[in-house]
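Below is one structure; the comments refer to it alone.
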Amino acid sequence: MSYLSAQEIESGVRRLASAYPEHCRLVTPPNASVEGRAIVGLEIGAGGETAIIIVGGLHAREWIPPDALLYLAADLLEARQAGLGLTYGGARIAAEEVAAIFERLTLVLVPCANPDGRVYRQTVDPDWRKNRGGSAADACVGADLNRNFDVAWDFRRTFAPDAVSASADPCHKYLYVGPEAASEPETRNVVWLFDQYPRAGWFIDVHGAVPAVFHNWGLDENQSTAPEQTFLNTAFDGQRGRAGDGAYAEFIDAGDEVELARLSHLMADEIRKVRDDDYAVSASFSLYATSGASDDYAYSRHRADASLGKVLGFVIECGHEFQPDWSEAEAVIREVGAGLSRFAADIAGRVPAGSGQGAVAF
Ligand SMILES: [Zn+2]
């Protein structure tokens, strides 16, 4: 066994969709990748409207997440079919919990959101992070998809100088934000998922490798007392992203922050049961300030447009290395499986039984 190729991830997703038609359906976001590859996902469950969106592989050099999400899908489907639970080391999801996930939720999984990057990193440059965007006339290729989302995207305007982990230079190997917000088809596919599943209340973007579980915000430190300090307020442009400065911190609903922390700790605690590895829990900003990141985009949508539902945003930074040996990768894959299935079981446990469509307050 070893890491799967982008092609194997895609065919694996399609094979699961055809093998378990009663329990999942193929998800086909509308945009092919820059180089024309299909990006596919799975909608797991009985069709309940309450949904969790989980994405992997936005950063190509972080090799584990696409494999981890495909294996999680296979584990869940196999367990459901057999009426069994799931065991990852010392972590256990009971059979009734697996059943509840399927009966009450829709899990939307897109294991490999940046297949071009995965092909490039597997055939040319193992350190490749971005997509393969840009025209042939461009001197440099690719944008950092996790800086390309429409939340404080124009960091030169919205952030304090040199405060944020982002670059306007197309030749920056890691952090180029792209020519405009959501310029990249791979980014727009993730946006499409939010539009397609308006009852999705949770978004988890799986990356590597810290290890840690992060939650909103990444823009700046969290605060719940000054609601005017938000990414929408241009009066604070040029001030965002500095730690401990007292000038600006990002407003977050106090109840949301409690729930974000609760669910993050729930995942970290379950992950610890697998092999006693310690995933730190904190707001994304504790790593560094980010503009245009997927988790903050998820949680920004209802603030930018009050007609949209609230989506809590999380990042799992799995494992200790981008590309460990396969035996280590397998252990990290079990950790991701444990954390995400526990997360889903918790949400399923709070959706009213039978309806599959009940509202979950958070
Ligand atoms: Zn990453």
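Here the stretch 6-348 is assigned +1 on the Cβ of each Lys and Arg and -1 on the Cβ of each Asp and Glu. Its dipole about the Cα centre then comes out at about 520 debye. Modelled spin labels at A94 and A254, positioned 7 Å past Cα toward Cβ, are 3.5 nm from each other.
Farthest toward the positive end of the dipole of the chain, out of S33, P21, S307, is the Cα of P21, where the dipole comes from beta carbon charges about the Cα centre.
Both radii were evaluated on the Cα set of the stretch 111-190; the Rg over Rh quotient, with Rh as the Kirkwood radius, amounts to 0.97. Of the residues K173, K273, the one with the largest accessible area comes first in the ranking K273, K173, computed with a 1.4 Å probe on protein heavy atoms. What shape does the chain take by its C-alpha gyration tensor, where a ≥ b ≥ c are the square roots of the eigenvalues and a/c under 1.5 counts as rounded, a/b above b/c as prolate, and the rest as oblate? Cα axes put the chain in the oblate bin. Dividing the summed -39500 (n - 2.57) terms of all DSSP H runs of n ≥ 4 by the residue count of the chain sets its mean residue ellipticity at 222 nm at -11000 deg cm²/dmol. Per-residue Karplus couplings for the stretch 16-22, computed as 6.51 cos²θ - 1.76 cosθ + 1.60 with θ equal to phi - 60°, are listed in order as 5, 4, 7, 7, 10, x, 6 Hz, Gly and Pro entered as x.
Each part gets one Cα centre, and for the stretch 119-167 versus the stretch 64-89 those centres are 32 Å apart. State whether the stretch 213-358 is rounded, prolate or oblate according to the following rule on the C-alpha gyration tensor (a ≥ b ≥ c being the square roots of its eigenvalues): a/c under 1.5 gives rounded; otherwise a/b larger than b/c gives prolate, and the remaining case gives oblate. Because a/c hits 1.5 or more and a/b fails to exceed b/c, the stretch 213-358 counts as oblate.
If you run the Gaussian network model on the chain, springs between alpha carbon atoms under 10 Å, then out of L76, L84, L193 the most flexible one is L84. Heavy-atom surface analysis with a 1.4 Å probe gives the stretch 6-348 a carbon and sulfur content of 49 percent of its accessible area. Gyration tensor analysis over the Cα atoms of the stretch 102-238 returns equivalent ellipsoid semi-axes of 26, 23, 14 Å (largest first, whole Å).
The values are calculated or read from the model by the stated rules, or taken from the named source; none is laboratory data. Quantities reported herein were computed from a predicted structural model and do not represent experimental measurements. All Cβ positions, even for glycine, are placed from backbone atoms using ideal geometry, and neighbour counts span all protein chains on display. Note: areas computed on protein heavy atoms with side chains; ligands, DNA, RNA excluded. Shrake-Rupley method; radii C 1.70, N 1.55, O 1.52, S 1.80 Å.
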